[in-house]
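The values are calculated or read from the model by the stated rules, or taken from the named source; none is laboratory data. This one's a predicted model, so the numbers in the text were calculated from it and none came from an experiment. Note that each Cβ is placed from the backbone with ideal geometry, even for glycine, and that neighbours are counted across all protein chains shown. We work out accessible area using only protein heavy atoms, side chains counted, and drop any ligands, DNA or RNA first. Shrake-Rupley method; radii C 1.70, N 1.55, O 1.52, S 1.80 Å.
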Protein chains: 2
Amino acid sequence: MATVTDRSRVLIVGGGFGGLYTAKSLRRIPVDVTIIDRRNFHLFQPLLYQVATGGLSPGDIASPLRGVLKACKNIHVINDEVVDIDPTNQCVQLNHGKCNYDTLVLASGVENHYFGNEEWPAYAPSLKTVEDALEIRRRILQYFETEEKRYVTEVRTHTLRIVVVGGGATGVELSGAIAELTHETMKKDFRHINPANTEIVLIEASDRLIPSYPSSLSLKARQSLEKLGVTTRLNTKVLDIGKNTVVLGNGRETERLSAGAIFWTAGIKASFLGALLSTRTGAALDDLGRVIVEKDLTLAGHPEIMVIGDLANFSHQAGAPLPGVAPVAIQQGKYAAKLIRNRILGRKTLPFRYRNKGNLAVIGRNAAVADFGYLKISGYVAWILWVFVHIWSLIGFDNKLSVLMQWAWDYLTRKRGARLIVGDDKRGDPKGPLL
Amino acid sequence: MATVTDRSRVLIVGGGFGGLYTAKSLRRIPVDVTIIDRRNFHLFQPLLYQVATGGLSPGDIASPLRGVLKACKNIHVINDEVVDIDPTNQCVQLNHGKCNYDTLVLASGVENHYFGNEEWPAYAPSLKTVEDALEIRRRILQYFETEEKRYVTEVRTHTLRIVVVGGGATGVELSGAIAELTHETMKKDFRHINPANTEIVLIEASDRLIPSYPSSLSLKARQSLEKLGVTTRLNTKVLDIGKNTVVLGNGRETERLSAGAIFWTAGIKASFLGALLSTRTGAALDDLGRVIVEKDLTLAGHPEIMVIGDLANFSHQAGAPLPGVAPVAIQQGKYAAKLIRNRILGRKTLPFRYRNKGNLAVIGRNAAVADFGYLKISGYVAWILWVFVHIWSLIGFDNKLSVLMQWAWDYLTRKRGARLIVGDDKRGDPKGPLL
């Protein structure tokens with residue numbers, strides 16, 4: 001689909017961290033690059049929970065791919081989706097047209113996984129896309145609006161409650177932000193109910209939060225969350241989810257918890273392109289559907305196909321697969337570009353090696369946990385670090401500036417300006433004419 | 001629905017400029033105020049076209065009503081919609097419950113009007129809500145994405161074209177912003193097409209743009225738009241709108257124009273509450289369905305019902321109805337509060353009188369037109385004035401700050417950061433799994 005030249009054609013699928021960094025790193029390499037994404041923007045997912053809780057607008061954490069790659073004259077952006085891969089003819093079928101490649105870089109990431117419970121997504125949305133975040137925001141805000149109206153006409157004594165399922169980094173950050181939103185920002189907003197009394201429950205199946213972190217930081221995270229008013233329930237499995245209900249079990253007994261809003265951050269699976277690739281090439285997948293890659297991130301038997309980021313299972317370094325975090329995807333994207341360049345130059349490339357520069361998770365306004373291997377920090381210092389790392393990592397200088405201003409202002413005022421309920425009500429409440 | 005006290009109950013319907021300013025002006029008056037809106041935020045409509053063209057995010061120009069009115073302890077916010085009015089029992093029926101009043105202030109504004117052409121809204125959306133603005137943004141950006149893909153596989157020679165119907169202030173501002181977006185911001189974004197070649201056509205049925213302004217400013221507006229690359233077609237009526245087509249007529253011949261996106265800013269009608277009020281009280285309506293009010297903005301025979309803002313037809317001052325602009329609504333809101341206070345104090349109130357402080361319309365980055373009656377200015381000075389008046393008028397200091405920063409940045413870089421295509425595609429293109 002690229003302009004006809006004799007240069008090698010690199011086709012990148014996915015404009016997340018992996019795909020974007022591959023493309024950017026190829027900007028001065030004499031290859032024709034095409035990057036395909038079904039969205040027209042790169043989304044800075046680590047801050048998506050801030051959009052879900054009204055702290056930021058979608059525009060603050062997303063950058064149009066065309067804008068980001070405008071200056072890279074050898075890169076074409078196509079806003080479309082991949083429907084098939086033909087490894088024999090080195091060609092990818094899109095909804096509109098097709099695309100030939102000499103090297104294919106698959107970076108289409110992961111999506112939410114409800115372990116086959118098809119009704120759960122409607123009752124407990126996840127946090128993966130901009131639309132997810134706006135839906136979570138809508139459900140939280142709409143919950144209090146509805147309760148305020150109920151308390152006027154009925155005498156009610158039930159507890160206000162919001163449940164977050166999954167104690168990984170997303171669940172920890174989301175529940176912390178919900179606690180701040182309800183217990184601080186909204187505490188004086190209503191006349192009949194008080195959101196400050198909302199019980200925020202975080203459910204985790206294992207025996208500690210953020211299990212991928214050292215256990216000392218898991219404990220710190222839990223303490224910080226409890227201080228913010230989040231009730232953490234460890235060793236607790238979700239057996240069922242219904243409309244405003246979760247059924248919990250700890251192996252001995254079950255418990256039914258009612259909640260005004262339920263959110264799911266407890267499962268991911270690979271994008272369908274993993275399974276498609278496996279069908280077409282026989283590539284091995286792991287139990288999440290991620291593609292098991294070679295030491296140089298290529299597919300066994302297909303050196304012209306690379307898989308990077310969350311979609312890849314790279315276990316050569318640690319025995320276990322590398323975690324699905326932005327730094328892994330970024331380093332793999334840069335590696336992919338290096339491999340492509342070295343091949344053109346006829347050079348060898350050493351196997352991929354992930355350099356863990358540390359993990360960070362934030363818990364509310366003043367606390368975070370950071371793990372640098374040799375150094376583990378938590379609390380205010382980790383939080384300051386988190387703020388700067390995240391602003392620094394945002395794509396686009398205007399986003400950096402906007403988020404910095406927004407955070408400074410929110411920090412001083414405890415406001416969350418973007419508390420707008422927008423879009424259609426997916427639960428089917430009537431909308432009616434404009435008031 | 002308010003807490004039971006012996007204080008007079010004021011019920012305000014609508015959280016736009018009229019309703020919000022009524023409520024704010026009643027904050028120190030000993031009355032119980034309830035404000036009802038079906039949205040949970042006040043929207044600064046004069047800047048909605050900036051959201052439509054990717055210059056601002058919805059959160060920048062909207063403020064949660066509860067946040068704005070948080071400190072006003074005598075004001076209750078209800079997020080609901082009015083379904084009926086019972087003037088005999090002084091009561092309003094909501095979707096959830098009902099609300100008694102001693103004074104009712106109706107400020108539910110206007111909505112789009114397609115003059116009975118039921119298919120037109122699908123082909124040519126309007127600009128009235130946040131969702132409208134995001135849909136316009138989506139259609140503009142999606143148009144170029146689709147054209148880029150088309151040019152790869154087909155040889156095409158057709159003109160890129162976007163049509164805006166209606167040469168009032170909204171049409172002028174929207175077409176100017178679309179010209180900037182396509183001719184400046186996006187000009188280097190694509191490899192196969194060039195958005196800078198897009199023909200932007202503004203259709204106006206009368207013989208000049210912004211007919212409510214003095215004709216010297218209409219001419220200036222037209223000149224500024226043409227300079228930005230907008231083709232203005234005066235004395236031209238829209239006879240029909242289909243998928244990507246408008247049929248135009250000038251009284252003698254008709255012409256069919258194809259366009260990648262069509263937007264409608266050519267008609268408004270009163271909110272359905274006008275007709276409802278008329279059915280229940282016999283109130284007189286004008287041809288747009290607006291309620292004809294007395295000199296003190298009350299309803300003839302119903303001194304306890306006031307109608308303000310766009311929903312009201314107030315013709316006592318100029319002979320013709322006052323225009324549907326923010327300053328009229330704001331002054332009427334303040335007047336309504338004054339009337340309510342004076343009644344409590346047993347004082348008389350002089351008839352409402354609109355003080356026209358001037359009208360402003362912006363045309364792109366560096367030009368605007370301003371009409372102060374005695375003084376008419378246009379060009380750069382009017383633009384600077386427009387910028388400051390609009391930032392000053394935004395509700396909420398954080399919005400002021402955010403918009404100021406955003407504009408300063410956009411002005412320096414000609415970027416429009418919020419160029420995200422979000423939400424469902426209402427034209428029915430498939431979405432598919434996440435890439």
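Given segment B:1-123, what percent of its DSSP beta bridges are antiparallel, to the nearest 5?
Antiparallel bridges: around 40 percent, rounded to the nearest 5.
Considering amide H positions built from the backbone, and no H for Pro or chain starts, which residues 5 or more places from A:Asp80, or on another chain, come under 5 Å of its amide H?
Amide H to amide H, under 5 Å and 5 or more residues apart or across chains, A:Asp80 pairs with A:Asp37, A:Arg38.
How many nm is it between the label spots at B:Leu404 and A:Glu199, if each spot is 7 Å from the Cα in line with the beta carbon?
4.5 nm
What are the ³J(HN,Hα) couplings of segment B:303-316, residue after residue, when phi is run through the Karplus curve with 6.51, -1.76, 1.60 and θ = phi - 60°? Round to Hz, x for glycine and proline.
Karplus values, whole Hz, x for Gly and Pro: x, 8, 10, 10, 10, 9, x, 4, 6, 8, 10, 10, 10, 6.
Ignoring ligands, DNA and RNA, how do A:Lys357, B:Lys98 rank by accessible area with a 1.4 Å probe, largest first?
Descending order: A:Lys357, B:Lys98.
Give me the percent relative contact order of chain B, please, defined on Cα pairs under 8 angstrom at least 6 residues apart.
Relative CO of chain B lands at 19 percent.
Could you put A:Arg252, A:Arg353, B:Arg7 in order of accessible surface area, largest first, with the 1.4 Å probe and the full protein assembly present?
In descending accessible area the options line up as A:Arg252, A:Arg353, B:Arg7.
According to the square roots a ≥ b ≥ c of the eigenvalues of the Cα gyration tensor, what is the shape class of the protein assembly as shown, taking rounded for a/c under 1.5, prolate for a/b larger than b/c otherwise, and oblate for the remainder?
Here the protein assembly as shown falls in the oblate category.
Where the accessible area of segment B:343-402 is counted over protein heavy atoms with a 1.4 Å probe, how much of it, in %, is carbon and sulfur?
Solvent-exposed carbon and sulfur of segment B:343-402 make up 64 percent of the total.
If the label for B:Gly97 sits 7 angstrom from Cα along the Cα-to-Cβ line, what are its distances to the same label in every other copy, in nm to one decimal, shortest first?
Its label point is 5.7 nm from the equivalent points in the other copies.
Excluding residues fewer than 8 places away in the same chain, name every one of the lysines whose C-alpha is closer than 23 Å to that of B:Lys128.
Correct list for B:Lys128: A:Lys426, A:Lys431, B:Lys237, B:Lys243, B:Lys269, B:Lys400, B:Lys426.
May I ask for the percentage of alpha-carbon pairs in segment A:141-295 that lie more than 26 Å from each other?
41 percent
Across the residues of B:75-85, average count of Cβ atoms on other protein chains within 10 Å?
Mean shielding by partner chains, rounded to a whole number: 4.
In whole Hz, with x marking every Gly and Pro, tabulate ³J(HN,Hα) for segment B:51-66 from phi via Karplus 6.51 cos²θ - 1.76 cosθ + 1.60, θ = phi - 60°.
Running phi through 6.51 cos²θ - 1.76 cosθ + 1.60 with θ = phi - 60° gives 5, 5, 10, x, x, 9, 9, x, x, 6, 10, 10, 10, x, 4, 4 Hz.
Which cross-chain or sequence-distant (5 or more) residues have an amide H under 5 Å from the amide H of B:Asp296, H modelled 1.01 Å from N in plane?
Residues meeting the criterion, in which the H sits 1.01 Å from N, are B:Phe352.
Using a 1.4 Å probe on the protein chains only, how many percent of the accessible area of segment B:172-281 belongs to carbon and sulfur?
Its accessible area is 45 percent carbon and sulfur atoms.
If you average the C-alpha positions of segment B:126-188 and of segment B:1-75 separately, how far apart do those two centres end up, in angstrom?
So the two Cα centres are separated by 32 Å.
A:Lys128's amide H: which non-local residues (gap 5+, or another chain) put their own amide H closer than 5 Å, with H modeled 1.01 Å from N in plane and none for Pro or chain starts?
A:Ala133
Would you mind telling me which residue in A:Asp310, A:Asp371, A:Asp86 has the biggest mean-square fluctuation in a Gaussian network model of chain A, where springs connect alpha carbons within a distance under 10 angstrom?
A:Asp86
Which value, in debye to the nearest 20, describes the size of the charge dipole of chain A about its Cα centre when Lys and Arg Cβ atoms bear +1, Asp and Glu Cβ atoms bear -1, and nothing else is charged?
That gives a dipole near 1300 debye.
Taking the Cα centre as origin and putting +1 on Lys and Arg beta-carbons and -1 on Asp and Glu beta-carbons, what dipole magnitude results for the protein assembly as shown, to the nearest 20 debye?
The calculated dipole for the protein assembly as shown is roughly 2480 debye.
Among A:Asn79, B:Gln406, B:Ile308, which residue has its Cα positioned farthest towards the positive end of the charge dipole of the protein assembly as shown, with +1 placed on the Cβ of Lys and Arg, -1 on the Cβ of Asp and Glu, and the dipole taken about the Cα centre?
Selected residue: B:Gln406.
When only C-alpha pairs under 8 Å and at least 6 residues apart count, what is the relative contact order of segment B:191-341, in percent?
12 percent
Have a look at chain B and give its Rg and Dmax from the Cα atoms, expressed in angstrom.
22.7, 77
Just by accessible area at a 1.4 angstrom probe, what is the order of A:Val362, A:Val68 from largest to smallest?
I get A:Val68, A:Val362, largest accessible area first.
Pick from A:Glu111, A:Glu199, A:Glu253: which residue has the top mean-square fluctuation in a GNM of chain A where Cα pairs under 10 Å get a spring?
The residue that fluctuates most here is A:Glu253.
GNM, chain A, Cα, under 10 Å: largest mean-square fluctuation among A:Asp32, A:Asp102, A:Asp287?
Among A:Asp32, A:Asp102, A:Asp287, the largest GNM mean-square fluctuation belongs to A:Asp287.
Under a 1.4 Å probe, what is the accessible area of segment A:91-146 per residue, stated in Å²?
32 Å²
Excluding residues on the same chain fewer than 8 positions from B:Lys73, give the lysines whose Cα lies under 22 Å from its Cα.
List returned: A:Lys149, A:Lys187, A:Lys188, A:Lys415, B:Lys24, B:Lys98, B:Lys334, B:Lys338.
Farthest toward the dipole's positive end in chain A, which of A:Pro195, A:Gln331, A:Ser175, given Cβ charges of +1 (Lys, Arg) and -1 (Asp, Glu) about the Cα centre?
Toward the positive end, the furthest listed residue is A:Gln331.
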